[in-house]
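Reviewing the structure listed below.
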Amino acid sequence: EHRSEVQAESAPIHHYRLGAELEQVLDPHTVVIGDGGDVVAACSRIVRVHRPGHWLDPGPFGCLGVGPPYALGVKAAKPEAQVVVIAGDGAFGLNGFELDTLVRFDLPAVFVIGNDAAWGEIRIPQVGIYGAEGEVATRLAPTRYDRLTEVFGGHAEHVERPEELAPALERALTSGQTAVVNVMLDPDAMAGHPYRGM
């Protein structure tokens, strides 16, 4: 259904390409937590769930910011579990400082931040309905979230090109540390996708 997008070689990276790379590198036992809009919607269509309780997300009411707290809960209950949080950059901004808690308590989780420097799930429909002026208050900075590991500790990766994805994800997953993989996504990649209802 999304073959061209899954294989897209463009940079910034397409959301579906990120999902495809995650699907290739994740162990079937991984607990995947989705925290965000577009990047979670895209990845949830590609990343397979192999066991009950191995996909957690904000649910139908979209309670953004659940990624770090869910990761803490899973790791506290099952320290041996591999936990990967797929987060939008907006969602990560809500509770991202819980990286500190994960590092202090030695509960390593991997955060894959789909960074489109926007509240993408809001920006694209607003622009679609109201034109360019509808973009009000929906842009974020292209923040280097991976650099938070310089403050809290952990493993850092920054990804700008599709061919960098798998190696960066594998390094983060095998680091044994709380890790941040900051993936620069195309801010317009999800325009016109059917799940939006537009």
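Overview of results
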item: Every residue from region 1-47 that is basic (Lys, Arg) and within 24 Å of residue 65 (Cβ to Cβ); result: 45
item: Whichever residue in region 126-147 is charged (D, E, K, R) and part of a helix (DSSP H, G or I) and, among such residues, is least open to solvent (accessible area, probe 1.4 Å); result: 146
item: Residues satisfying the stated conditions in region 119-135, i.e. out of contact with any helix residue (DSSP H, G or I) (no Cβ under 6 Å at 6 or more places or on another chain) and either more than 20 Å from residue 64 (Cα to Cα) or of a type in the set (Gly, Ala, Ser) (or both); result: 128, 129, 130, 131, 132, 133
item: Matching residues in region 157-185 - criterion: being more than 14 Å from residue 13 (Cβ to Cβ), surrounded by fewer than 24 Cβ atoms within 10 Å (Cβ to Cβ) and in contact (Cβ under 8 Å) with a residue 24 or more places away in the chain; result: 170, 173, 175, 176, 177
item: Region 116-125: number of residues that are crowded, with 24+ Cβ neighbours inside 10 Å and outside any helix (DSSP H, G or I); result: 1
item: Number of the exception - residue 156 against (1) part of a strand (DSSP E or B); (2) out of contact with any Lys or Arg (no Cβ under 8 Å at 6 or more places or on another chain); (3) aliphatic (A, V, I, L, M); result: (2)
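The values are calculated or read from the model by the stated rules, or taken from the named source; none is laboratory data. In this text, all values refer to a predicted model and were calculated from it rather than measured experimentally. Glycine gets a Cβ as well: all are built from the backbone with ideal geometry, and neighbour counts include every protein chain shown. For the accessible areas, the whole protein counts, side chains as well, though only heavy atoms, and no ligand, DNA or RNA atoms are used. Shrake-Rupley method; radii C 1.70, N 1.55, O 1.52, S 1.80 Å.
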